[in-house]
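What follows draws every value from the coordinates through simple rules; no lab data is involved. Please read all numbers here as calculations on a predicted model, not as lab measurements. Here the Cβ positions follow ideal geometry from the backbone for every residue, glycine too, while neighbour counts run over all protein chains shown.
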Amino acid sequence: MAYVIGLDYGTDSVRALLVNTENGDIVASSVYSFPRWAKGLFCDPAKNQFRQHPLDHLEGLENSIAEVVRESGIARSQIKGICVDTTGSSPMAVDKNGESLAMKAGFEENPNAMMVLWKDHTAIKEAAEITELSRTWGGEDFTKYSGGIYSSEWFWSKILSIHRKDKEVASAAFSWMEHCDYITGVLTGIDPLKLKRSRCAAGHKALWHQDWDGLPSESFLTILDSSLADLRKNLFTHSYTSHEVAGKISKQWALKLGLSEDTVVAVGTIDAHAGAVGAGIVEHSLVKVIGTSTCDILVASTAEMGKKLIKGICGQVDGSVLPGYIGLEAGQAGFGDVLAWFSKLLLTPSIQLIQNTDFLDSHTKENLIQEMKDDMLITLSEEAGKLSIEDCTLVSLDWINGRRSPDVDESLEGAVAGLNMGTSSAHIFRSLVESLCFGSKLIIDRFEEEGLRIDEVIAIGGVAHKSHLVMQTMADVLGRTIKITASTQTPALGAGMYAAVASGVFNTMEIAIKAMGAGFRQVYIPNLELKADYQEKYQQYKWLGEKMVMINSDKIS
């Protein structure tokens, strides 16, 4: 038998799966939570600054894989390959050997030398500059395959922002690497100039495309900042799909993890794209990866795409999901994060009161606070679920963390309209849930308006598996059946499928998906009696969105 490892880096933790390629059975799994991230180190939410120290990732790499290898008892020779999927765009400055600057003397506590997490929005100004220059400089519009708008969540805007604010980091950085490329480079020991960079990350986040033979031109980057043109020489020209071989594991890491030196490491990828593969994506199926944010993934044949340029999405890239297909990505900048924000809003003053009271001992305080944290979202969901659509007349916007798709604008803010003295926390929570579902409908509408066909919707991720309220509301708002995958670890499973092809266990991704796919465990059927009511409320949502865009424009001007 042959086994593979899928390594899935999320926002809070990393998960390793050891998978039997014959049937997709999970032999062992391990989750490692990032300790520095859990403490909120190097982050400033008020400034939308979210950074992660690479030690969280390296410790997670070693602990999670070593544990599944050890606990499984599988012979080293039977573990054929590894593929890494990560959040993205989450770039990091590295030296000539591919080591993070944050691991070097003098940079250990510098957030600018660390990984700039996907949700970091400190580069809004730089993203706008890139968008404007692409439209006006007189040369190629490098954003045309990225929805026509560049995002502060992506590669170049983040690097440009740090180059301007931290000359020491800019000077010390030999190259920059996406998170998935960084971990792949660590495992293989291959330096930044030789490592096969991820097509997924390059195409969707770094403006890489075959039409202009790689990354944006040196002349374009020079106009933005001469340091970017200098950096370009130490980046990459070619990119590779994730069913290809990046290299074999280094002797050092084979020893650390208990693996054979013959273990193949596949080219890295982004978590949502691996999740779509793990969900069994085919043409005309939309896979919604629903977690802290969402990513909506489609694949289309070159014949269907033709010369279409889909406006306001996060890229259309040949081979980014499945070889031979154009991978398309859209999404929402906040989803589970929006609901968690509201929960925290309610909890914070109560927790402060409990901590300050003299009537409870410290042990009771700790247990009570933890119970409140564990139960708040459950209680809100139960109370909101009791409300009918007529009971909840509020209309909200889901832009608490800005808008990703359609038409990215991270400067936009959320809103709640219709508050009165009878409004309860359950009313607001249900309205936020509805707003998230309306945001999902906007994305589907954009794809279909641009001529792409969607026959089915598949959902994966923590929210999809845990929240009946969210998923039933989404089915009702979309007016579509939604399938929930049986696997609760779909991105890691998808990464394992890439590893199975890269290591030669299977010849094609289609065969790997068929052999290792887990199928579906639940189907949400829309209540069509609510269609007219939700359509009316959807129009109110769009109207409120238009007003907030106008308000935001006035604030900026």
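For a quick check of your reading of the filter: which trypsin sites (Lys or Arg not before Pro) in segment 15-48 sit in a DSSP loop and have no more than 16 other Cβ atoms within 10 Å? Intermediate values should be presented prior to the final figure.
Values: sites: Arg15, Arg36, Lys39, Lys47; in loops: Lys39.
Here the sparse-neighbourhood loop sites are Lys39.
For segment 1-94, the residue among Leu61, Ala2, Ser29 whose Cα projects farthest onto the positive side of the dipole built from Cβ charges is Leu61.
Work out the P(r) tail for segment 16-148: percent of alpha carbon pairs separated by more than 27 Å, whole number. All intermediate terms of the calculation are to be shown ahead of the outcome.
Details: 3761 of 8778 pairs.
Tail of P(r) above 27 Å: 43 percent of Cα pairs.
Taking GluC sites (Glu not before Pro) across segment 370-465, the ones in a DSSP loop with at most 11 further Cβ atoms lying within 10 angstrom of their Cβ are Glu390.
Mean separation of Cα pairs under 8 Å and 6 or more residues apart, divided by the residue count, gives segment 213-314 a relative contact order of 16 percent. At a temperature of 37 °C and a viscosity of 0.692 mPa s, determine how fast segment 499-557 diffuses translationally according to Stokes-Einstein, using the Kirkwood radius over alpha-carbon pairs as Rh; express D in µm²/s, rounded to the nearest whole number. D, rounded to a whole number, is 198 µm²/s. Taking the charge dipole of the chain about its Cα centre, with +1 at Lys and Arg Cβ atoms and -1 at Asp and Glu Cβ atoms, the residue from Phe155, Asn48, Gly214 reaching farthest to the positive side is Gly214.
Considering only DSSP beta bridges where both residues belong to the chain, give the percentage that are antiparallel (nearest 5).
On the way: 48 of 68 bridges.
Once the DSSP bridges in the chain are tallied, antiparallel ones form about 70 percent.
Spin-label model, Glu413 to Thr136: label points 7 Å out along the Cα-to-beta-carbon direction sit 2.7 nm apart.
Charges were assigned to the Cβ only: +1 to each Lys and Arg, -1 to each Asp and Glu. The resulting dipole of segment 414-557 about its Cα centre is roughly 360 debye.
A quarter of the convex hull surface defined by the alpha-carbon atoms of the chain gives 26.0 nm² as the mean projection.
Extension gain for the segment Thr302 to Thr508, taken as residue separation times 0.36 nm less the Cα-Cα distance, is 72.3 nm to one decimal. Lysine pairs in segment 437-552 whose alpha-carbon atoms fall under 30 angstrom of each other, counting only those eight or more residues apart or on distinct chains, come to 19.
Here the calculated FRET efficiency for Ala532 and Thr393, from their Cβ-Cβ distance with R0 = 22 Å, stands at 0.90, rounded to the nearest 0.05.
Computed on segment 473-557, with alpha-carbon pairs under 8 angstrom and 6+ residues apart, the relative contact order is 43 percent. Placing a pseudo-label 7 Å from each Cα along the Cα-to-Cβ vector at Gln539 and Asp455 gives an inter-label distance of 3.3 nm. The calculated FRET efficiency for the pair Asp262 and Ser350, based on their C-beta separation and a Förster distance of 60 Å, comes to about 0.60.
Which trypsin sites (Lys or Arg not before Pro) does segment 64-116 hold that lie in a coil by DSSP with at most 12 other beta carbons within 10 Å? Listed in order of number, the matching sites are Lys96. Our estimate of slack between Ser171 and Glu59, defined as 0.36 nm per intervening residue step minus the Cα-Cα distance, is 37.6 nm. For a paramagnetic label modelled on Leu368 (point 7 Å from Cα along Cα→Cβ), amide N atoms under 14 Å away belong, within segment 338-362, to 349-362. When every Cα-Cα distance of segment 210-261 is counted in 10 angstrom steps from zero, the calculated P(r) takes the values 21, 29, 22, 21, 7 percent. Here's the picture: charge each Lys and Arg Cβ at +1 and each Asp and Glu Cβ at -1 in the chain, and of Ser440, Ser146, Leu360 the one pushed furthest to the positive end of that dipole is Ser146. Express in whole angstrom the spacing between the alpha-carbon centres of segment 359-408 and segment 1-59. Segment 359-408 and segment 1-59 have Cα centres separated by 25 Å.
Under the convention that each Lys and Arg Cβ holds +1 and each Asp and Glu Cβ holds -1, the size of the dipole of segment 347-443 around its Cα centre is about 220 debye. Modelled label positions at Lys47 and Val523, each set 7 Å beyond Cα in the direction of Cβ, lie 5.1 nm from each other. Quick one: Debye curve from the C-alpha atoms of segment 362-438, no solvent, what's log10 I(q)/I(0) at q = 0.11, 0.14, 0.20, 0.21 Å⁻¹? Rounded to two decimals, the profile gives -0.39, -0.59, -0.90, -0.93. So for segment 135-271, considering every pair of alpha-carbon atoms, how many percent are separated by more than 18 Å? Distances greater than 18 Å cover 58 percent of the Cα pairs.
Treating only the Cβ of Lys, Arg, Asp and Glu as charged (+1, +1, -1, -1), what charge dipole size does the chain show about its Cα centre? Round to the nearest 20 debye. Walk me through the intermediate numbers first.
Details: 52 positive and 71 negative charges, 139 e Å.
Around 660 debye, computed over the chain.
With contacts taken as Cα pairs under 8 Å and at least 6 residues apart, segment 1-145 reaches a relative contact order of 25 percent.
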